[in-house]
Structure formats: C-alpha cells, structure tokens
1. Taking segment 54-122, which chymotrypsin sites (Phe, Trp or Tyr not before Pro) meet the DSSP loop condition and have no more than 12 other C-beta atoms within 10 Å?
2. Only loop residues by DSSP count here, and only those with at most 11 other Cβ atoms within 10 Å; note down the trypsin sites (Lys or Arg not before Pro) in segment 166-201 that meet that.
3. Mind checking the per residue accessible area of the chain for me, 1.4 Å probe, whole number of Å²?
4. For a quick check: with amide H placed at 1.01 Å from N, whose amide H comes under 5 Å from residue 217's, ignoring anything fewer than 5 positions away on the same chain?
5. How big is the gap, in Å, between the Cα center of segment 60-128 and the Cα center of segment 198-228?
6. Checking the a/c ratio against 1.5 first, then a/b against b/c, what shape does the Cα gyration tensor give for segment 1-98?
7. What FRET efficiency comes out for residue 186 versus residue 217 if R0 is 25 angstrom and r is the Cβ-Cβ distance? Round to the nearest 0.05.
8. Tell me which DSSP H helices of the chain clear both cut-offs, 15 Å or more of axial length from alpha-carbon atoms and a mean Kyte-Doolittle hydropathy of at least 0.0.
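The values are calculated or read from the model by the stated rules, or taken from the named source; none is laboratory data. Keep in mind that what you see is a predicted model, and the values were worked out from it rather than measured. Note: ideal-geometry Cβ built from the backbone for every residue, glycine included; neighbour counts use all protein chains shown. Remember, those area values only see protein heavy atoms, side chains included, never the ligands or the DNA or RNA. Shrake-Rupley method; radii C 1.70, N 1.55, O 1.52, S 1.80 Å.
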Amino acid sequence: MTDAGAILRIDHLTRVVHDVRVVDDVSLEVARGDILAVVGPSGAGKSSFLRLLNRLDEPTSGTVYLNGRDYTAIPPRELRHQIGMVMQSAYLFPGTIAQNISYGPAQRGIELSSARIDSLLRDVGLAGRGTGDVALLSGGEAQRVALARALANEPQLLLLDEPTSALDETARKEIEVLIGTILREHRLACVIVTHDRAQARRIATRVMVMERGRLTALGSVEEVLDAR
C-alpha cells in the first residue's frame with residue numbers, strides 16, 4: 001500500500017445469491033493512493049464484489065469499514081458520495097455536462113461554483129464544454145463526464161467497473177491514461193475491475209485475483225501477474 005492506514009477495510013465480505021456464494025469471505029485493506037486492480041475469469045465475482053463496496057448490493061455476511069466506521073451505519077446516499085463509482089457505460093442524466101457534474105453536490109445542498117466545474121472539466125480534458133448537451137457526446141466523452149461527476153463529490157475512494165471496455169481502441173487508451181493521471185494527481189484510493197491484465201499492469205499498484213467468488217491472490221503487480 002502507498003500510505004499507512006486503511007481508508008477501506010473489507011472484513012469477511014460474503015454475498016450469497018440462490019445458494020451460490022458469488023463473493024466468498026473476502027478480506028483486505030485499501031489505503032490512500034492504493035490502486036487495486038481486480039482480475040479473474042468471467043463469472044468470478046469481480047463486479048459483484050465491487051457493487052458490495054458501496055452497497056449497491058448488500059452483503060449476506062461480513063462488512064466494510066470506511067475510515068474505521070462500519071459502512072452499514074452510513075446512510076447509502078452519503079456512502080456513495082464518499083465512495084464514487086464509474087460503470088462500464090456512462091449513465092448520464094438528460095441535460096448539460098455542467099448539470100451532470102453538479103448533481104451529486106446539489107443532493108447535499110452544495111452548489112458548485114462555475115470555477116469548480118471548469119476545474120473538473122479541465123481535469124478530464126473537456127475544458128469549456130460545460131454547456132454542451134450530454135446527448136451529443138461520444139462514448140469516450142461520456143466516460144469523461146461520468147468521471148468528473150464522481151470527482152465532484154470529492155470521494156475518498158473511487159470504484160471503476162471495466163471503465164474502458166465499452167470504448168473503441170483510441171478512446172480506451174485516452175481514458176486509461178486519464179484515469180491513471182487523475183488517480184496519481186489526487187492520490188485517490190481506487191478499486192478497478194478489469195478483464196485486461198495488461199491494463200492492470202499499466203494502472204495498478206496492487207492486484208487481487210478472484211476465482212469463483214474467492215480471493216485467490218493478492219500482492220504487487222509483479223508478484224501476482226508475473227506468477228500467472
């Protein structure tokens with residue numbers, strides 16, 4: 001891990017669906033600046049694991065601690081501001097780019113200044129585009145807006161679920177570089193699910209492997225990926 005002290009502590013996290021243990025007794029920690037890539041075969045439980053981390057799904061047993069606080073004691077809306085998530089496809093609201101970026105803070109009664117919106121747009125390579133209609137965005141541009149919207153909440157942890165897999169090759173490379181740059185500049189903790197081990201090698205500081213819902217390997221990029 002990069003910094004001492006865990007932002008996230010995952011304690012025996014388990015989810016059972018129709019008698020299948022889709023996530024099975026997973027325990028680990030994530031510190032600030034830690035970029036943890038989750039890899040494994042299709043159906044291994046990677047996305048199911050990620051959804052448990054901000055309670056999009058509920059665990060059957062075990063829990064998660066955010067800065068030492070059991071996350072079941074945190075209201076879900078507050079939790080999802082602190083643990084931001086970007087999906088495989090960008091789910092944007094109808095309207096302008098600026099309206100999408102402002103949405104999360106507005107739910108907490110916070111009005112983002114135009115300067116803050118401009119700063120977020122510069123961070124994701126969309127400077128000056130705030131008044132643009134999201135319906136006119138390309139897939140790569142939409143992912144940039146989704147990332148800016150997550151960052152607008154000033155999260156402590158960012159969850160990324162295959163954030164480049166729905167993009168063409170050019171956009172995929174651009175978004176991958178952008179994600180790496182933002183994570184390093186903001187020293188954000190991140191958990192990224194990816195089917196692409198080469199991408200995990202380029203972005204991550206650590207890698208965990210999941211197979212049949214279980215954590216089967218955890219360590220540095222070199223320790224895990226070079227051993228397989």
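1. Sparse-neighbourhood loop chymotrypsin sites (Phe, Trp or Tyr not before Pro): 91.
2. Sparse-neighbourhood loop trypsin sites (Lys or Arg not before Pro): 187.
3. It amounts to 46 Å² per residue over the chain.
4. Here the answer is 209, since their amide H atoms fall under 5 Å of that of residue 217.
5. 27 Å
6. Values: a/c = 1.45, a/b = 1.15, b/c = 1.26.
The shape class here is rounded.
7. Details: r = 28 Å, r/R0 = 1.11.
Using R0 = 25 Å, I get an efficiency of 0.35.
8. Flagged H segments are 139-152.
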